[in-house]
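Single-structure report; data block below.
The values are calculated or read from the model by the stated rules, or taken from the named source; none is laboratory data. It should be emphasised that the depicted structure is a prediction, and the values quoted were computed from it without experimental measurement. Note that we place each Cβ from the backbone using ideal geometry, even for glycine, and neighbour counts take in every protein chain shown. All accessible areas refer to the heavy atoms of the entire protein, side chains included, with ligands and DNA or RNA removed. Shrake-Rupley method; radii C 1.70, N 1.55, O 1.52, S 1.80 Å.
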Amino acid sequence: MTLLDTSVAVDRAKSRRPINEDITAVTLVEFPRIIYYKLFKGMVTFPIRHDFILAHRLQLGLLELGKPQAFSDLLVASIAINRDEELITRDQDLEIISSAAKKLGYEVKLTVI
């Protein structure tokens, strides 16, 4: 399946386009009105302990590069990595996380639009 980052979900809702992809709990919190959006047909993926551990590893790698990132972006990337799902975003900071993930042996299936 595919995960939409908050930026993409908000854009879709504003333009009244359907959202068939899944979102994370991060998007649910950042864009709480999505639960009322009638064209949202996806599921909400909630993080588990393994996702937080990976987010921590990614942040350690990013700190070594001098490029720490926001917790929400790290958690969304970790959820996508651990579930082997594509992540669609408008947030170019996720490209930085993706680069750090590769150096640690992980792959983020990232599409920046």
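Numbers for the structure displayed
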{"read-out": "Under the span-like rule (Cα at least 15 Å along the axis, Kyte-Doolittle mean at least -1.0), DSSP H helices of the chain", "value": "49-64, 71-83, 93-103"}
{"read-out": "Prolate/oblate/rounded label for the chain (Cα gyration tensor, a/c 1.5)", "value": "prolate"}
{"read-out": "Label-to-label distance, nm, for residues given as residue 86 and residue 112 (7 Å Cα→Cβ offset)", "value": "1.8"}
{"read-out": "Within the chain, longest stretch free of exposed trypsin sites (Lys or Arg not before Pro) [DSSP loop, at most 10 other beta carbons within 10 Å]", "value": "39-113"}
{"read-out": "Carbon and sulfur %, accessible surface of the stretch 1-111 computed with the full protein complex present, 1.4 Å", "value": "55"}
{"read-out": "Å² per residue, accessible surface of the chain at 1.4 Å", "value": "57"}
{"read-out": "DSSP-assigned coil residues among GluC sites (Glu not before Pro) in the stretch 1-76, each with at most 11 further Cβ atoms within 10 Å", "value": "none"}
{"read-out": "Count of lysine pairs in the chain with Cα separation under 21 Å (8 or more residues apart, or interchain)", "value": "5"}
{"read-out": "Residue-count net charge about residue 81 - beta-carbon cut-off 15 Å; Lys, Arg +1, Asp, Glu -1", "value": "-3"}
